[in-house]
Amino acid sequence: MTDWISAPAGPLRGELRVPGDKSISHRAIMLAALAAGTTRIKGFLEGEDTIATARAFAGMGVRIEALQSSERIVHGVGLYGLHEPDAAVDCGNAGTGLRLLAGLLAGQQFDSTLTGDESLSRRPMRRVIDPLARMGAKIYAREGGLPPLQICGKRTLCGIDYALPVASAQVKSAILLAGLYARGETFVHEPHPTRDYTERMLSAFGWPMEFGAGWAKLSGGHRMRATDIVVPADFSSAAFFLVAATVVPDSELLLRDVGVNPRRTGLLHVLRAMGADIRATNARESGGEPVADLIVRHAPLHGIDVPIEHVADMIDEFPILFIAAAAAQGSTRVLGAAELRVKESDRIAVMAQGLRALGIDVAETPDGAVIEGGELTRAEVDSAGDHRCAMSFAVAGVIARGPVRIRDCANVATSFPGFVELANTCGFGLDLA
Ligand code: S3P
């Protein structure tokens, strides 16, 4: 078990580039594997989640070279070139890996099994199994719709017109990937727009796609051609530093090359509404994605009611928003975020419990929480093996009145390898316990 100690620190200063985007890295491996030709991926996230996805495709006969760190050269095998894997495909901690693979494998000519770690084995899969079954897939899950998933091959898939009951880019993407193998048209509608990386990247690989905010449409029977991919720095990883520099007096950080796709940057709007001083400079396009450098300076925060329209655009940022809310004056109210209960952990419960240990008043609701800002004390908190909760508590330690011990931090390597070292270069006082 890896525990951390995060000690109070002075101003945070410097320039950093956080690792590559996790969502884009997963998709880059998957689509490159199914394309004809060789794809070079730059800025690939060397995290356990995305490495598990690369390993899954290597196990299905795709040659993937890692000549240097954060780069992959993928020798695509074409839409019908994957081989049956020898063993169950282990997706580790990655919901994105498992759910997208469920869609993609539903259209293959071979059977396969998808497994994951303890956390992933507790996450709901009916949300992908049901629409895929309506397309003609046959997928068996453990009782309650939990992994492992057994996917039967040699099925004839048909396109569907499907309205997602929950806003989920993973579910949308699973359906679209199955749609590549389906007869006819697949049309997906979302209750709120979610990240559109699958749609953008399918287009970049030459698949005819139509999509807009909250919908996407494609038909089966086309081909993908290799294309080079540049992965921006992950906004969700940058978020810990945006909040840390905001709450520690006299701080100023420059975060380079951050992906600022509007479907990911809900936290920017919310932090600014709370009083944060964050400026985007050098805005540009890189690899078809909007990218900018973000300059963040210390600023006092006040609590707000988080507007519900930003929830889907900041779905991974609630653990760190809870820390910003604890450091703010007044109360912050979160509503409409029930999805947080089925992430890598129950993030509402884990963050509420940790914040209470840190001396903060938190009232939990089924779909959110009300957090009263206050002074954070020294404490011992449990991240419950959730990478984003662990890094959020590390930020709490920087502003607490004494050191914070954080239990169960090993999973930070799933999304942010090197977090401790990078955080310490800009002034955190983080150490292994
Ligand atoms: C992701 C979608 C989101 C997000 C996850 C990555 C993706 O999950 O929380 O970290 O890459 O598509 P949901 O689709 O469950 O909302």
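The values are calculated or read from the model by the stated rules, or taken from the named source; none is laboratory data. Keep in mind it's a predicted model, so treat the numbers as computed, not measured. Cβ placement follows ideal geometry from the backbone for every residue including glycine, while neighbour counts extend to all protein chains displayed. Heavy atoms of the whole protein, side chains included, go into the accessibility calculation; ligands, DNA and RNA do not. Shrake-Rupley method; radii C 1.70, N 1.55, O 1.52, S 1.80 Å.
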The chain: C-alpha gyration tensor shape, a/c 1.5 cut-off, then a/b vs b/c: prolate
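Rounded to a whole number, what % of the accessible area of the chain do carbon and sulfur atoms account for, probe 1.4 Å?
Details: 7580 of 15600 Å².
Roughly 49 percent, rounded to a whole number.
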FRET efficiency estimate (nearest 0.05) - Cβ-Cβ, ASN282 to SER69, R0 35 angstrom: 0.90
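Of CYS158, CYS152, CYS426, which has the most accessible area and how do the rest follow, probe 1.4 Å?
Details: CYS158 60, CYS152 30, CYS426 5 Å².
Descending accessible area places them as CYS158, CYS152, CYS426.
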Theoretical gain in end-to-end length, GLU252 to THR365 [0.36 nm per residue, Cα-Cα removed]: 37.2 nm
Separation in nanometres of the label points that stand 7 Å from Cα toward Cβ, at ASP86 and ARG401: 5.9
Inter-part distance where region 262-341 and region 170-210 are each reduced to a Cα centre, Å: 27
Virtual spin-label span in nm between HIS189 and LYS138, 7 Å along Cα→Cβ: 3.2
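What value, in deg cm²/dmol to 500, does the helix sum -39500 (n - 2.57) over DSSP H runs of n ≥ 4 give at 222 nm once divided by the residues of the chain? Before the final figure, lay out each step's value.
Working: 12 runs with 125 residues, N = 433.
That calculation yields -8500 deg cm²/dmol at 222 nm.
So what is the relative contact order for the chain, in percent, with contacts set as C-alpha pairs under 8 Å and at least six apart? Please list the in-between numbers first.
Numbers: 1134 pairs, mean separation 85.2, N = 433.
Once normalised by length, the contact order is 20 percent.
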Mean Cα-pair separation over length for region 22-230, i.e. relative contact order, pairs under 8 Å, 6 or more apart, %: 21
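So if each residue of separation counts as 0.36 nm, and I subtract the Cα-Cα distance between THR156 and ARG378, what length gain in nm does that give?
Numbers: separation 222, 0.36 × 222 = 79.92 nm, distance 5.82 nm.
Net length gain for the segment: 74.1 nm.
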J(HN,Hα) series, region 155-168, from Karplus relation 6.51 cos²θ - 1.76 cosθ + 1.60, nearest Hz, glycine and proline x: 9, 9, 9, 10, x, 10, 10, 10, 9, 5, x, 10, 6, 8
Distance in nm between pseudo-label sites at ALA410 and GLU118 (7 Å out along the Cβ direction from Cα): 0.9
Cα shape, region 288-433, gyration tensor, a/c 1.5 rule: rounded
24 Å Cα-Cα reach of LYS42 towards lysines, excluding residues that sit fewer than 8 places from it in its own chain: LYS22
Zone residues, region 169-196, relative to ALA273, backbone N less than 18 Å from point 7 Å out along Cα-to-Cβ: 192-194
From phi via Karplus (6.51, -1.76, 1.60), per-residue ³J(HN,Hα) for region 207-223 in Hz, x at Gly/Pro: 7, x, 9, 10, 7, x, 5, x, 8, 7, 9, 8, 10, x, x, 10, 10
ARG225 accessible area, 1.4 Å probe, all protein chains in place, Å² to nearest 10: 140
Coarse-grained scattering of region 22-230 at q = 0.07, 0.12, 0.18 Å⁻¹, given as base-10 log I(q)/I(0) from a Debye sum over alpha-carbon atoms: -0.17, -0.53, -1.32
Heavy atoms of ASP161 accessible to a 1.4 Å probe, total area in Å² rounded to 10: 100
Accessible-area ranking of LEU432, LEU321, largest first, probe 1.4 Å: LEU432, LEU321
Contour minus Cα-Cα distance for GLN109 and ARG356 (0.36 nm per residue): 83.8 nm
Per residue, in Å², the accessible surface of the chain once ligands and nucleic acids are set aside, probe 1.4 Å: 36
